Ligand code: FNR
């Protein structure tokens, strides 16, 4: 996505045009006259130059309760803030006269080549941020040459996401208590072409804003989500309360490590565990044979008071010793954050809120801009540090 075009899109308030495909949005951006169109952005300089500015655009565009659902963290948001503060505390001290003119940002994750070590994390409810929801985000990831991690709560079926994008995709599973439904869902994801399965295992969401806003999925979205999961017993005739009651009983919140043995039997996809902070948990994950570990505290949306992921990363990398790939998410807002995570041993990073903001601000175009901003910043930070390729980044860069 060309930034000039994005600028036009924002000036037009494209996401508010009520169009149904991003192709049509772009068309609209090129053809429609700018003057006279009702938009919260008209007449202002809209082109965001960083993720914080994309966030501001999203805030103006999205319904308050939806924006706050994306933006906020649990309780006092200690962990949410710490994720960001910890990155800002890290100082970089590159060596002089190691200039590079061309940098190669590409790497591999689980054997898949990607254009840059920045992937899209699983994020729920994307149809609430933009009508094209997860399909738009998946297309933007494919366009940028990176992995789209589909949340099992994204608002689309695995088949819909697969049909929207031929790019690399991983599927994140929340586990239905009914193991028949779980098995079918995992196998549908595999058949649809997803290349890895992410198990998110951290619990404890308690967000004041959502409680204040009484934030809940609208009935039609919840019904679709449950049906997409494979709960065929959900019917249109059910009342909203009946669907809510079903939903509150449907999911297994008491998993243990044995679940990975079960998963191994139902799928050949590589397994990734998301939510690891402790060394002993990382060791257990290796013992049950995972292929990847995401060092994550769910972006500060789970138990408040947990430490920053970037500070837990070195301990995990240490005990894993190359037995699995280690990724990190939480607090990535700048290309320099990507560099810092790589210097502390991450193979790649994932972003959550930044692309949800992009989606809320301008659909697929907004996600593309977020990925492009981070790509440019990361490229600049590699050039400034004298690294020609991502495999060269090491901790000698850190003070
Ligand atoms: C999330 N996250 C998440 N994780 C997951 O495994 N399944 C999910 O359905 C969701 N849903 C979700 C919704 C929203 C609105 C957000 C912001 C996040 C967590 C996500 O994958 C990731 O761990 C964090 O977002 C990373 O932190 P940053 O990048 O948001 O700081």
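Bear in mind that the values in this text are calculations on the coordinates, not laboratory data. Everything quoted here is computed from the prediction, not taken from an experiment. Heads up, the Cβs are rebuilt from the backbone with ideal geometry, glycines too, and the neighbour counts pull from every protein chain shown.
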- Is it the case that some residue within the range 232-239 is touching a residue at least 60 places away in the same chain (Cβ under 8 Å), away from the ligand (no atom under 15 Å from the Cβ) and surrounded by fewer than 18 Cβ atoms within 10 Å (Cβ to Cβ)? no
- Residues satisfying the stated conditions in the range 87-112, i.e. under 20 Å from the mean Cα position of the chain (by Cα) and in contact (Cβ under 8 Å) with a residue 12 or more places away in the chain: 87, 105, 106, 107, 109, 110, 112
- Message: Let me confirm something: among 349, 320, which residue is farther than 18 Å from residue 174 by Cα, surrounded by 20 or more Cβ atoms within 10 Å (Cβ to Cβ) and more than 16 Å from the ligand (Cβ to nearest atom)?
- Response: 320
- Item | Every residue from the range 145-166 that is within 16 Å of the ligand (Cβ to nearest atom) and within 24 Å of residue 107 (Cβ to Cβ) | 146, 147, 148, 149, 150, 151, 161
- Task: Only one of these is within 25 Å of residue 309 (Cα to Cα) and either over 16 Å from the mean Cα position of the chain (by Cα) or near the ligand (Cβ under 10 Å from one of its atoms) (or both): 64, 79. Name it.
- Result: 79
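Let's see how each residue does on (1) surrounded by 24 or more Cβ atoms within 10 Å (Cβ to Cβ); (2) within 19 Å of residue 70 (Cα to Cα); (3) touching a residue at least 12 places away in the same chain (Cβ under 8 Å):
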residue: 114; (1), (2), (3): no, no, yes
residue: 138; (1), (2), (3): yes, yes, yes
residue: 160; (1), (2), (3): no, no, yes
residue: 169; (1), (2), (3): yes, no, yes
residue: 193; (1), (2), (3): no, no, yes
- Within the range 284-317, can you find the residues that are within 24 Å of residue 256 (Cβ to Cβ), touching a strand residue (DSSP E or B) at 6+ places or on another chain (Cβ under 7 Å) and more than 12 Å from the ligand (Cβ to nearest atom)? 285, 290, 291, 292, 293, 312, 316
